[in-house]
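Single-structure report; data block below.
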Amino acid sequence: MNEENVTLDQLNPGQSAQVKKIHGQGAVRRRLMEMGLTRGVQIDVVKASPLGDPVDYLVRGYHLSLRKAEAQLIEVII
Amino acid sequence: MTVMIALAGNPNVGKSTIFNALTGSRQHVGNWPGKTVEKKEGRLRVGDEEILLVDLPGAYSLTAYSIEEIITRDFIVHERPTAVVAVVDASNLERNLYLVAQVLELETPVIIVLNMTDVASNRGLKIDAAQLSRRMGGIPVVETVGNRSLGLEPLKQAIKQVTENPPLALPQAQYDGVLGAEMAALAAQITQNPVLVAHYQPRWLATKLLENDEAIVEALEAQGETELLAAAAAAQARIEDATEDDAETLIADQRYTFIGDLVASVLERPSTSILTTSDKIDEIVTHRIWGLPIFLLMMWLVFQFTSNVSAPFLDWVDGFVNGTIYGWAGALLTAVGLGDTWFAALLTDGIIAGVGGVLVFVPVLLFLYMALAVLEDSGYMARAAFVMDRVMRWMGLHGKSFLPLIVGFGCTVPAVYATRTLENEKDRKLTGFLATFMSCGARLPVYVVFGAAFFGTASGNLIFSMYLVGIAVALATGFALKYTVYKGQQPAPFVMELPPYRLPRPLDVWRQMWERVQGFLIKASTVILAVSTVLWLMMAVPGRANAGSFNDVAAEDSLFAVLSGAVSPIFQPAGFGSWEASGSLITGFMAKEVIVGTMSQIFVGEEVAAAEVTEPASFGEQVGEAVLGFGEAAVLTVQELLNIAPRTINLLPGVTLPTFNFFGIEEEVVDNTRLEAALIGSFERSAGSAALGALAAVAFNVFVLLYVPCMVAVAAMRQEFGNRWTLAQVGYTLAVAWIAAVLVFQVGKLFI
């Protein structure tokens, strides 16, 4: 189960994972952490938008949508 | 001294409902200095104390991420409110408390308002408010249900308590290990610096430096605090060495750890998560297949709402100001012996006509703002962005940009204001820029007249291609900007909350409508008065020797005609280099439908409408008529509202339901034969031949479509985007319009 370097965008709706590390830099990275994506937090993939991107995630009890570009910055443990 | 309290909270937590409930009508809406973000202030009385309540923009955090968050932070840091009332969504406690934790780091007393406790309990969440207060060092925690005004009295009592006895110690996230030690050392160093202590709380500043906060680092660089910045950088390096993690991550982690511990002790979650109504709605609204059709339907409804439903009142305002008031002013001026003077003409044709031009937008904007407020407050706007983002990103835009662009097909003015729903300033400006190319309703009459004159039964092709040209130019502009002005810039990140669906509160919706329309009236009227007065002056001043006197000059001899004539050679390459064409383009800046009016004035003499001379009615009758007209407009509004249903169903192929027509009003058919004949003659002369005349007409229509939207739209852009951006836009649209018109004429010539 412990795959190396899985990022959030590789997950399918219905899957869950734990945040391992936020990559990227500056404002985007800080924003992701402020929105509650800190180490160890559980994140559920809810569904993709009709055109496939962005994707709706459930984190800390609320719905957060991220584009693939942002989801790629989030390294997770399945 | 009045006590100042700030109201802060995440977006979509019902903050403005609480603000409205606390201050009632005692509020003032303006803008934050130098920003296009709304600033709301209100007053309330608690006991004997008069309290100034400042509503801060919605913010998820106090970092320098968006203008809203910078404003919120600067206000708390520099204005030092007595206390911050933090509105917290009880159904989303953890993320909401992140902002609270940051406010507490600013050593500002906090009152927590647990709003939407009803939503929380629907989800099976149980929150122990008393325990939360105890765990947070006794700071007041008040439970409210924002949309039912429950819990307001306890909130007022809590405000009273905090202002009278500010708490001594505030709970704060504890930073431990290397991070904590470095932070303490940095704070100690800051404490030694009296200049910094006067402006910042040392520990908070230390936190911001370790977080690498751009705004703070820049401010300190400007103040020459190189030593402190170097110390901060060294501390960051040591932290990274010791923990293999950067300070920023550790700070966010530990804040959330602090919050997590708090929440764990006060929140009871249901063993299995409950599927709420909101989740069920979302399953349909953002459905893989239904999501897009539902989105398009919503946009169609908004468009119907702003164009058709607002039309009856628009007509009424137009008739009332440009008919009734215009007539009264004329009669009044005649009564005092000023009839037929230049002053009378300035007042009626210049000022009243100009003000009328502003007021006709009020119904449109009221309906637009109603639609926007409902979309935003209900939570649908975020879904619209979610569904459309992929398409809009292609043009370098955000999912939320779609709505202003759609509204632009109705009218550019509300489209510009609709850009406010976008969080990012770049997105707002770019969307506003492109929205002007969406062919608005006022441009349609021009295409109709020209289409009928030059293409007869095929006029539909001209009209339809104008809409396509507008979209194509917007697309091209979006791409061009993406690869030039914004080259190399990352698109604004898309990290968007999908808030739970909620029923909008009519009072909040009404307030948003009214506040924004008020803002429009104040800002737009200055520009518009100036422009209409100048245009009137140009029409009144003779432009040739011996061509009459001030306010007594034939149209073709006025300064306006002379200037138009001077401009006209510019349009020769596009085939419409006559003074009549240039002149109508100049007046078209007032409002594009005026182009038709000007042309008929020039070519046919008098406007058809003005030719109907009716029996003068008494004052009483006129008032009666105005009131009746208002009632009729109200009924017609209901009619148009009902008509949305058949019109929507008629979108299905092969279905034609009849629409309601309460008064049996038949569409007025304006006889334009004389105007059409004159237009054909004029364009054939300026273009050189009969075949080229039609081509020149197409070029003219392309120019009308693309050049500067009307002055009201320019005034709106100035209000929203500032002078520089507006000037750039005016310049760009003129250039693009000219190039496109010339291209149409010159390239078209090759094929004729």
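Rule-based calculations on the coordinates, nothing more; no lab input. This is a predicted model, so every value here is computed, not measured. As a convention, Cβ positions derive from the backbone with ideal geometry for all residues, glycine included, and neighbour counts pool all protein chains shown.
What the table shows:
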{"read-out": "Low-density loop positions, GluC sites (Glu not before Pro), region B:661-752 - DSSP coil, at most 10 other Cβ in 10 Å", "value": "B:Glu666, B:Glu667, B:Glu668"}
{"read-out": "Exposure proxy ranking, count of Cβ atoms within 10 Å, fewest first, for B:Phe19, B:Phe386", "value": "B:Phe19, B:Phe386"}
{"read-out": "Debye equation applied to the C-alpha atoms of chain B, log10 I(q)/I(0) at 0.07 Å⁻¹", "value": "-0.62"}
{"read-out": "Dipole of region B:177-268, positive end: most advanced residue of B:Thr257, B:His199, B:Leu220 [Cβ charges, Cα centre]", "value": "B:His199"}
{"read-out": "Chain B: relative contact order as a whole-number percent, Cα under 8 Å and 6+ apart", "value": "10 percent"}
{"read-out": "Separation of alpha-carbon centers, region B:626-657 and region B:694-729, rounded to whole Å", "value": "31 Å"}
{"read-out": "Region B:203-331 - percent relative contact order, Cα under 8 Å, separation 6 or more", "value": "13 percent"}
{"read-out": "Neighbour-count ranking [beta-carbon atoms within 10 angstrom, fewest first] of B:Thr484, B:Thr257", "value": "B:Thr484, B:Thr257"}
{"read-out": "Other-chain or far-sequence residues with amide H under 5 Å of B:Ala64's (modelled H)", "value": "B:Glu214, B:Ala215"}
{"read-out": "Estimated dipole of the protein assembly as shown in Debye, rounded to 20 [Cβ of Lys and Arg +1, of Asp and Glu -1, Cα centre]", "value": "860 debye"}
{"read-out": "Histogram of C-alpha separations across the protein assembly as shown, 10 Å bin width, %", "value": "2, 11, 19, 22, 18, 12, 9, 5, 1, 0"}
{"read-out": "Ascending count of other beta-carbon atoms within 10 Å, so fewest first, for B:Trp316, B:Trp32, B:Trp725", "value": "B:Trp725, B:Trp32, B:Trp316"}
{"read-out": "Dipole-positive endmost among B:Ala235, B:Leu301, B:Thr484 within the protein assembly as shown (Cβ charges, Cα centre)", "value": "B:Ala235"}
{"read-out": "Relative contact order %, region B:3-164, counting alpha carbon pairs below 8 Å whose residues are six or more apart", "value": "24 percent"}
{"read-out": "Separation of alpha-carbon centers, region B:1-68 and region B:327-341, rounded to whole Å", "value": "48 Å"}
{"read-out": "Peptide ranges B:556-563, B:296-303 listed from the most packed, as the mean C-beta count within 10 angstrom indicates", "value": "B:556-563, B:296-303"}
{"read-out": "Distance between modelled label sites at B:Ala198 and B:Ala184, nm, 7 Å Cα→Cβ extension", "value": "3.0 nm"}
{"read-out": "Span-like helix ranges in chain B, DSSP H, alpha carbon extent 24 angstrom or more, Kyte mean at least -0.5", "value": "B:226-243, B:247-266, B:361-378, B:459-483, B:506-540, B:619-649, B:690-706, B:723-751"}
{"read-out": "Rounded Å value of the spacing that divides the Cα centres of region B:508-556 and region B:228-264", "value": "59 Å"}
{"read-out": "Nearest-20 debye value, chain A charge dipole, Cβ charges on Lys, Arg, Asp, Glu", "value": "280 debye"}
{"read-out": "DSSP-defined beta bridges in the protein assembly as shown - what % are antiparallel, rounded to 5", "value": "70 percent"}
